[in-house]
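Peer 1: Structure incoming, see below.
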Amino acid sequence: MNFRGFLPSSFNEWEGRVAAVVFTGGCNWRCAYCHGARLVTEFATLPEIAPEKITATLRQKRDWLDGIVITGGEPTLQPDLIEFIRELRALPLPVKLSTNGSQPAVVAKLLAEKLPTCLSFDYKAPPDERLARLAGIAAAEVAAVRESYDLARHAAPENAPEIEFHTTLCPRYVNREILAAMARELTCPRALWILQQYENDVEMLDAKTAGTDRYPREELDALAAVARREHANVLLRYGK
Ligand code: SF4
């Protein structure tokens, strides 16, 4: 595993849980408003953290933690991800895996082995040319994302008890019309759909996107209402 960041505890990464967070280095996408820019393009400059060090810390702290979140970068690119999650589950600790959905073969294996307690998708745009444009990927690659969504949507609840979709409400890329299309696409009633305010004051992959306007609170409420027309289980985070 190529770990480039570790938070021993956080209240923000898993709704209702205190969780440790590990960050993997490297990603196959280039989303303009990516907040983990350094983890995507400059991860080699960050110190590498040995997996044994992380599991040792988690073993010590497991009584105070409700779980661990594996995020990135893109964790499903790591060849030993499945083995690492097996170790975490054996501690035992609940595991949430965040992914962009680009590796359906990994998602299929995770679900078949009932490994993630929660599978969380970064749901940026409808899975069509709009996602390709935003993520800087080829249109053909979007089919893989749709396949990952389908695997999660059709997974038996005992294989992945929690499914999440996360959408950042960045005005440049998400408006009411696009969010309505995403809501129609979701079709997974048991998933929690988290809508979050776009944080515009952090480092981003695309310098032109950094600092662009955010939606005011009233528009965030209006967008959440659009999402709730199709999907009951929506959580809106207003952010800072
Ligand atoms: S936001 Fe996009 S570029 Fe950044 S880590 Fe997630 S998928 Fe990769």
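Only the coordinates and a few stated rules stand behind these numbers; no lab work does. This one's a predicted model, so the numbers in the text were calculated from it and none came from an experiment. Note that we place each Cβ from the backbone using ideal geometry, even for glycine, and neighbour counts take in every protein chain shown.
Peer 1: Residue by residue through the range 193-209, what is 3J(HN,Hα) from phi via Karplus (6.51 cos²θ - 1.76 cosθ + 1.60, θ = phi - 60°)? Round to whole Hz and write x for glycine and proline.
Peer 2: Karplus values, whole Hz, x for Gly and Pro: 9, 9, 9, 10, 4, 7, 8, 9, 10, 10, 5, 10, 5, 9, 4, 5, 7.
Peer 1: Above 22 angstrom, tally the Cα pairs of the range 62-171 and express them as a % of all pairs, no decimals. Walk me through the numbers before you get to the answer.
Peer 2: Values: 1838 of 5995 pairs.
Cα-Cα pairs in the range 62-171 separated by more than 22 Å: 31 percent.
Peer 1: Taking DSSP loops as anything outside H, G, I, E and B, show the longest stretch in the chain free of chymotrypsin sites (Phe, Trp or Tyr not before Pro) there with at most 13 other beta carbons within 10 Å.
Peer 2: Values: sites that count: Phe11, Tyr238.
Between exposed loop sites, the widest span is 12-237.
Peer 1: Can you run phi through the Karplus equation (6.51, -1.76, 1.60; θ = phi - 60°) for the range 68-80 and list ³J(HN,Hα) in whole Hz, with x for Gly and Pro?
Peer 2: Along the range 68-80, the couplings run 10, 10, 10, 9, x, x, 10, x, 6, 7, 7, x, 9 Hz.
Peer 1: Test of understanding: ordering Glu199, Glu129 by Cβ neighbours within 10 Å, fewest first, what list do you get? Intermediate results must be reported in sequence, preceding the final value.
Peer 2: Working: Glu199 14, Glu129 11.
Arranged by neighbour count, lowest to highest, Glu199, Glu129 become Glu129, Glu199.
Peer 1: If you don't mind, another one. Given a cut-off of 31 Å, what percent of all Cα-Cα pairs of the chain lie beyond it? Intermediate values should be presented prior to the final figure.
Peer 2: Numbers: 5228 of 28680 pairs.
The share of Cα pairs beyond 31 Å in the chain comes to 18 percent.
Peer 1: Pairs of lysine in the chain with Cα under 21 Å and at least 8 positions apart or on different chains: total? Numbers along the way, then the final one.
Peer 2: Details: Lys53/Lys61; Lys53/Lys96; Lys61/Lys96; Lys96/Lys109; Lys96/Lys114; Lys96/Lys124; Lys124/Lys208; Lys124/Lys240.
Lysine pairs meeting both conditions in the chain amount to 8.
Peer 1: Please compute the contact order of the range 117-196 in relative form: average sequence separation of alpha-carbon pairs under 8 Å and at least six residues apart, divided by the residue count, as a percent. Intermediate values should be presented prior to the final figure.
Peer 2: Working: 89 pairs, mean separation 32.3, N = 80.
Once normalised by length, the contact order is 40 percent.
Peer 1: Another question, then. Whole-Hz Karplus ³J(HN,Hα) for the range 37-50, in order, using 6.51 cos²θ - 1.76 cosθ + 1.60 and θ = phi - 60°, x for Gly and Pro?
Peer 2: These are the phi-based 3J(HN,Hα) values: 3, 5, 6, 8, 9, 10, 4, 5, 8, 8, x, 7, 10, 5 Hz.
Peer 1: Follow-up question, since we're still on this one. In Å and from the alpha-carbon atoms only, list the Rg and Dmax of the range 127-170.
Peer 2: For the range 127-170, the Cα-based Rg and Dmax read 12.5, 35 Å.
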